[in-house]
Amino acid sequence: AASSRTLRQALLFIYKLVVAHMKKILQIFTLVYISLLFTSCGTTYRIEKTEYDYIPYNGNEVLVFESNNYETDTIILKQYKGWDKPSRYPYRVTFEKYEKFGIELIHSNSLLNNSAPDFLIELRAFNWKGLRIDLRTKSKNDNYINKTRLTKAEFDNIPSNEILINEKLYSDVKIILGDIPKNGTIEVTQFYWSKKYGLLGWDMNNSKWRLR
């Protein structure tokens, strides 16, 4: 009985203590909540002005490619700009934003039904890793051939080569390997990218495409 009385007294003391300091407790919780809001504010990652130079297109070009099988493919380019916003965390009121800038492509004589634009190259600000560069290409007969994704440092570290295409010598060409799809088949084995002129061509399993 004595221990039960002691427990009741202790609980009553805690209750009175909480009631007496309720205002201060609410103030502490409010400060903690406000602090969480500020520390959870998202960061805006922007593309640096000089990084736009990685894209040599204005977004109004028409490129014609020809394969070693004497096929042609005409690609129309269009510029776009926007933001990526990853899913927000439950306790956050804001979220991180990543600026993106790229060049869409669409095939003027595509055999695809309702062929939709896809990007040829996209720059994306990417937190502590810096700029990310995505390259894609697709042929008129294929829904999607391949892509590759590089950080700015990885892209810069690819050596430049001299390549002769249709009797024109390019001296700033990066040979970029394509990704291997999960199904194990390789569509594009490598891209040919000029810093000054952009996409010069790509190699596939059974064909080679070059800028005319």
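Any read-out appearing in this document is the output of simple, stated calculations on the displayed coordinates, not a laboratory observation. No experiment lies behind these values; they were computed from the predicted model shown. Note: ideal-geometry Cβ built from the backbone for every residue, glycine included; neighbour counts use all protein chains shown.
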Practice problem: Once you have the Cα-Cα distance between D134 and I165, take 0.36 nm times their residue separation minus that, and quote the gain in nm to one decimal. | Solution: 8.8 nm
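Give the calculated FRET efficiency between N68 and R149 to the nearest 0.05, with a Förster radius of 30 Å applied to their Cβ-Cβ distance.
Numbers: r = 27 Å, r/R0 = 0.91.
The calculated FRET efficiency here is 0.65.
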Practice problem: Return the aspartates and glutamates within reach of K100: Cα separation strictly under 18 angstrom, same-chain partners fewer than 8 residues apart disregarded; answer none if there are no such residues. | Solution: E48, E51, D53, D84, D118, E122, D134
Quiz item: Under a point spin-label approximation (7 Å from Cα along Cα-to-Cβ), what is the D156-E48 distance to one decimal in nm?
Solution: 0.7
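How do the peptides 196-204, 153-161 rank, highest first, by the average count of neighbouring beta carbon atoms within 10 Å per residue?
Output ranking for 196-204, 153-161: 196-204, 153-161.
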Self-check item: Violating pairs (Cα-Cα greater than 21 angstrom) within the set K85/K196; K152/K196; K49/K152; K97/K195; K81/K208
Solution: K85/K196; K97/K195; K81/K208
